[in-house]
Structure formats: structure tokens, C-alpha cells
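Heads up, the thing below is written out as C-alpha cells.
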Amino acid sequence: SALPKNLWEIIKKDAKIRAKGKCAICGKETSRLEAHEKWSYDEKKGVQKLEDVISICHDCHSAIHIERTAFLGDEKRAEDHYMRVNGCTYAEMRQDRNKANIDHRRRSQMEWQADTSWLNKFTK
């Protein structure tokens, strides 16, 4: 939302071209790929860095944002997809989800400086 719409469209198109019609996470072939930002977090320095924007299928996007997905009522499908893609059990999926929630709560309390230098290749 911080980018002009035309720049975001260029970035999404680049991600789709690189994906070659396949989800960057599960490999599913689909014409309906969604853009997802990949960030890294340096908690000691308080820097969140945009590393990439990738194209992923709706099921992987739902699993990544599972708390939002649960709010919308499609939690089981997202959990099943996560377990299938990661080859894990329900208990392992819950453990991963709990860790992600703990990380999210901790990071939400921090003041962050955003490093979006990755975008420079699209603004030259």
C-alpha cells in the first residue's frame, strides 16, 4: 500500500514472470498467482528488510496468513495445505504456527526501520 499502484503492478508482473506459472512455494501450476512479500528481520538492529516479492498460489498465501484465513473461516483448508506441502503432522503444524504467533507478537512490539532497497531495481 506504500507503493504507487503502477510500481506494484510492475513488481507483481516481474514475480509472475520469474514463477513461470508455478507457485514459488508448492510448485502448483496456476494462472492465478498472488504476490507475497518476503521480509527478513534483524531484531538487534531493528531493521526489517524486503528481500523479494514472489508469486504463490492462493492456498499457500492462505497458509502463510493463517490467522487472517481463520478469521475468514477457511482455517482447516489452510492447515491441511500447510501439512501437505511441509510433510508434517498436525502437531508439528501447530508448533510452527505457535512459534510464528510468538515471533509476530514480539516483533509487533518493536520499532522497525524498513530497508526497501530491493525495490531500487524497479525505480531506475
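The values are calculated or read from the model by the stated rules, or taken from the named source; none is laboratory data. Given the structure is predicted, the values throughout are model-derived calculations rather than measurements. Don't worry about glycine lacking a Cβ; one is built from the backbone with ideal geometry, like all the others, and counts go over all protein chains shown. When the accessible area is computed, the model is the full protein with side chains, heavy atoms only, and any ligands, DNA or RNA have been set aside. Shrake-Rupley method; radii C 1.70, N 1.55, O 1.52, S 1.80 Å.
A 29 angstrom limit on the alpha carbon distance is what I want to check against. Which of LYS45/LYS76; LYS12/LYS44; LYS45/LYS121; LYS49/LYS76; LYS13/LYS45 exceed it? In this structure, LYS45/LYS76; LYS12/LYS44; LYS49/LYS76; LYS13/LYS45 exceed 29 Å between Cα atoms. Please report the antiparallel percentage of the DSSP beta bridges confined to the chain, to the nearest 5. Antiparallel bridges make up about 75 percent of those DSSP assigns within the chain. In a DSSP loop and with at most 16 other Cβ atoms within 10 Å, the GluC sites (Glu not before Pro) in the stretch 1-93 are GLU43.
Computed about its Cα centre, the charge dipole of the chain is approximately 340 debye, with only Lys, Arg, Asp and Glu carrying charge at their Cβ. Solvent-accessible surface of the chain, averaged per residue with a 1.4 angstrom probe and all protein chains in place: 71 square angstrom.
Pairs of Cα atoms nearer than 8 Å and 6+ residues apart set the relative contact order; for the stretch 5-116 it is 24 percent. Here the convex hull built on the C-alpha positions of the chain has a volume of 128 cubic angstrom per residue. Taking the 1.4 Å solvent-accessible surface of the stretch 8-88 as the whole, the part contributed by carbon and sulfur is 49%. For the stretch 1-81, applying the loop criterion from DSSP together with a ceiling of 13 other beta carbons within 10 Å to the chymotrypsin sites (Phe, Trp or Tyr not before Pro) yields no site.
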